[in-house]
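Every read-out reported here was derived from the displayed coordinates using simple, explicitly stated rules and does not represent laboratory data. Everything numeric in this text was worked out from a predicted model, so none of it was measured. With ideal geometry, Cβ positions are generated from the backbone for all residues, glycine too; neighbour counts draw on all protein chains shown.
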Amino acid sequence: MSNQKLFNVAVVGATGAVGEQIIRLLAERNFPIQELKLLSSARSAGSKVSFKGQEITVQEATPDSFQGVDIALFSAGGDVSKALIPEAIKHGTVCVDNTSAFRMDPETPLVVPEVNIDKVNEHKGVIANPNCSTIQMVQTLKPLYDRYGISRIIVSTYQAVSGAGARAIDEMLRQSREVLAGNEVEPQILPVGSLPKKHQIAFNAIPQIDKFVENGFTYEEMKMINETKKIMGDESLEVTATCVRVPVVYGHSESVYVELKSDFDIEEVKQLLADAPGIILQDNPAEQVYPLATDAAGKLETFVGRVRRDLSNPRALNLWIVSDNLLKGAAWNAVQIAEYIAIEQN
Ligand code: NAP
Ligand code: 3JN
């Protein structure tokens, strides 16, 4: 390993919830780093972050930040990606973007490594990481798609507040304390920070994640629908989604109904899921074994259980899929892509 190539790596959004996990994973995975540059807005510039026992000073991200940077991982919101990724590409930096800025761009590969890692090689400077709710679903459905074909997916999500950022976690915990103390709550962040109307999240379920589109779906639901078709490479796939915020801190859960194109044996389905990369089958109703967000939190894998044939359609399955939204749903998927790029160049 002594002649292994080392990379100059930048993390944009280094002080955020996703950026923090990216930095932790780069250290834990021993990513081959020559120099690590940590970038944020002017607000956090000057603060220190520790990486492998070294204190790194966070700098403000500017178009010139990418001079000499080989790989940059972006999670500072879509506007920052739209402004800075073209600048980074001019410097020859390969960008892995956690935002929705480039996901549906036909020139940009949208990658879940267990599904379509080969697409990375088609990049023109940027590879997009899908939405967290999409990642765990397509990763789980891929072996079933390959074996039986899939015609239709109906998904309902139960999404953790950490998906809406650190302030949403604080809001949920604060409201819970207020309700238990018998006090009134004053919602300030959820469901959407930039909209004037807010709802209580403690002891509640909010059927709105992101703003509404004119068709009655939310942007989060449209992301799941459009991204799933792009990643699976199948525009004929029928997908519908309802995305719901629940008072869970880490871990998105999903109830998924899938219509397959051919007959299946339920034990074979379970075996395919058990053998799939990055998937852990947790399915033993007799012992009350099934995936739980509290167990998935902090883990890199995606968990699947409650695997059963539908009663109304013998060619359909019902599944319960859970994963840590900040890890496989964001930071880990991005670091996996960066690891692939690094290996390809070694
Ligand atoms: P967060 O905790 O609010 O962190 C935002 C980060 O972006 C902070 O480091 C912030 O720096 C930085 N930032 C903000 N404005 C900036 C600017 N103008 N220039 C440079 N850096 C700037 O948010 P998060 O939860 O980590 O999410 C960040 C983004 O990641 C989201 O907006 C979303 O696009 C993406 N995301 C994707 C998924 C997914 O499903 N794959 C999941 C969650 C998030 P300061 O400390 O200076 O403010
Ligand atoms: O709300 C969630 O659980 C996931 C949120 C993801 C998110 C939040 C703000 C902006 C995204 C995303 O990754 O789709 C974006 C965005 O980049 O559009």
- Item | Net dipole in debye of the chain [+1 Lys, Arg Cβ; -1 Asp, Glu Cβ; about Cα centre; nearest 20] | 440
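Please sort 318-325, 167-174, 52-59 by packing, taking for each peptide the average over its residues of neighbouring beta carbons within 10 angstrom, highest first. Mind dumping the intermediate values first?
Details: 318-325: 25.8, 167-174: 18.2, 52-59: 12.9.
Result, highest mean first: 318-325, 167-174, 52-59.
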- Message: What would the Debye equation give as log₁₀ I(q)/I(0) for the range 258-346 at q = 0.11, 0.17 Å⁻¹, counting only Cα atoms as equal point scatterers?
- Response: -0.40, -0.80
- In whole Å, how far is the Cα centre of the range 1-20 from that of the range 306-346? 23
- Item | Packing-based ranking, highest mean first, of 27-40, 276-289 given that Cβ atoms within 10 Å are counted | 27-40, 276-289
- Query: Can you give the Kirkwood hydrodynamic radius for the range 45-163, in Å, rounded to one decimal and based on Cα pairs?
  - Reply: 16.5
- The distance between the Cα centres of the range 71-146 and the range 207-262, in whole Å, is 18
- Query: If the range 223-262 were replaced by its equivalent ellipsoid, with semi-axes equal to the square roots of 5 times the Cα gyration tensor eigenvalues, what would those be, largest first, whole Å?
  - Reply: 24, 13, 9
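What shape does the chain take by its C-alpha gyration tensor, where a ≥ b ≥ c are the square roots of the eigenvalues and a/c under 1.5 counts as rounded, a/b above b/c as prolate, and the rest as oblate? It would help to have the intermediate numbers written out before the result.
Numbers: a/c = 1.70, a/b = 1.22, b/c = 1.39.
In terms of gyration-tensor shape, oblate.
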- Query: Of Asn183, Leu38, Val289, which is farthest along the charge dipole of the chain in the positive direction, counting Lys and Arg as +1 and Asp and Glu as -1 at C-beta?
  - Reply: Asn183
- Item | the chain - mean residue ellipticity at 222 nm from DSSP helices (-39,500 (n - 2.57) per run, n ≥ 4, rounded to 500) | -9000 deg cm²/dmol
- Dipole-positive endmost among Val96, Ser81, Ser50 within the chain (Cβ charges, Cα centre): Ser50
- Three-way shape call for the range 249-292 based on the alpha-carbon gyration tensor, with the a/c threshold at 1.5: prolate
